[in-house]
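The block underneath contains the structure these notes are about, expressed in structure tokens.
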Amino acid sequence: MSEIVQKNKKFDLIIWGSTGYTGKLVCEYIFKKYKRTNLKWALGGRNELKIKRLISSLDLKDIPYLIADINNKNSLFEMTKMTRTICSTVGPYAKYGTFLVEACIKSKTNYCDITGETHWIKEIIDKYHTKALKNKVKIIHACGFDSIPSDLGVFYAQNKIKENTGKYASKISMRVVSMKGGVSGGTVHSFLNILEESKKDKSVRKIINNPHSLNPRVDHISRDERDLNKIIYDKTSKRWISPFIMASINTRIVRRSNYLMDFKYGETFIYNEALVIGKSILSKVLGYFRLIPVYLIIKMKNSAFKSLLNLFLPKPGQGPSEKRRKSGYFKFRFYVFDNKLKAIASVSGIGCPGYGSTSKMLAESSVCLALDKLSNQNGVMTPSTAFGNALINRLEKNAELKFNIKYL
């Protein structure tokens, strides 16, 4: 983005969807963390009454706000042209995100979000990557629990192993060793929307199931890149492991990072993810019981069952209580190979992964995008290729994330 365009921007950052569940958390975090800084930020949304209520409830009386219509391209353009960065929390993004990305590229405004909708990211890449390159704009998806710990965890581990051995790892296996947290209505309905679209459209299913769907140049698929679909014994972690529901987006983001870096980790670099469930056979049995609800949701066709399910699921705008958000945590372990196991890296965070921690990750991503000096690379990017060490430093300093590595 040229300096002339930058100087014409009134704001550094606008939080779009500020009155939603995650949006409120992001606004609250930025207000507390950056109120004594020079960050010029504003709230953005479609409902003025809700924004005024938010301002009152969080005491944001000095924070300006803008109203726009998510279905009106001109309205979105008028908003995006006023800021250097848009941070979007409005999902499902496949329904509500495309016009906003288009407006950002047109107005030469950087953009970040927390989408985990692989098929929509693929659509944005196909439609807008070249345009974003031309306008020198960064479009960065997956800036939350999916997929910052995975993407930056691999980036961190690869850089450390390169420093230690002189070359990058040929394979990294990530294992979720511990995690506690609730879900919001927005995430639930985004997940259900993905299922609905994949059932209606075979091409969506194909994109979701392709390990390299976000990379246009990769045809060969290794056996170790296929998403795990059953419970198996993992010789590396010496534990039983099961499918990790977020692997279908995290692994694609990591592979796109490698692609965007001209295959710096190697064209045959292997990355996979799984959830550790325990050592004993009983752990394996209990693991299957935990998978039953997910299986039923994926396979559900009966409208009566869907209606019954909706009675128990959180609605959009609803989510975990403050107590549950603060009591949550996560820890990822990265087994780093080069012919044999060379190191074990870890990424851990305090706060409910999907909301307490995600809101901090997204907030720091948006501030990093708005204020920090980043690489000149543009287009539809990933967290590691857009932010790199600048975001790792912010997350460790401000957002209670820790990155570590142990060499073997």
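The values are calculated or read from the model by the stated rules, or taken from the named source; none is laboratory data. Note that this is a predicted model, so its numbers are computed, not measured. Glycine gets a Cβ as well: all are built from the backbone with ideal geometry, and neighbour counts include every protein chain shown.
Numbers for the structure displayed
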| item | result |
| --- | --- |
| Qualifying positions in segment 321-358 - at pLDDT 95 or above and either at positive phi or hydroxyl-bearing (Ser, Thr, Tyr) (or both) | TYR335, SER346, SER348 |
| Matching residues in segment 221-273 - criterion: being surrounded by 17 or more Cβ atoms within 10 Å (Cβ to Cβ), farther than 20 Å from ILE121 by Cα and out of contact with any strand residue (DSSP E or B) (no Cβ under 8 Å at 6 or more places or on another chain) | TYR265 |
| Conditions (1) over 18 Å from SER365 (Cα atoms); (2) in a helix (DSSP H, G or I); (3) at pLDDT 95 or above; number of the one not met by VAL5 | (3) |
| Some residue of segment 104-121 being surrounded by fewer than 24 Cβ atoms within 10 Å (Cβ to Cβ) and out of contact with any helix residue (DSSP H, G or I) (no Cβ under 9 Å at 6 or more places or on another chain) | no |
| Residue among LEU391, LEU369, LEU374 that alone is in the same structural domain as GLY20 (by TED's automatic domain parsing) and not in a helix (DSSP H, G or I) | LEU374 |
| Qualifying residue in segment 281-292 (condition: outside the structural domain of THR115 (by TED's automatic domain parsing) and in a loop (DSSP other than H, G, I, E, B)) | no |
| Test: residue in segment 53-65 that is surrounded by 15 or more Cβ atoms within 10 Å (Cβ to Cβ) and either in contact with a Cys (Cβ under 6 Å, 6 or more places away or on another chain) or part of a strand (DSSP E or B) (or both) | yes |
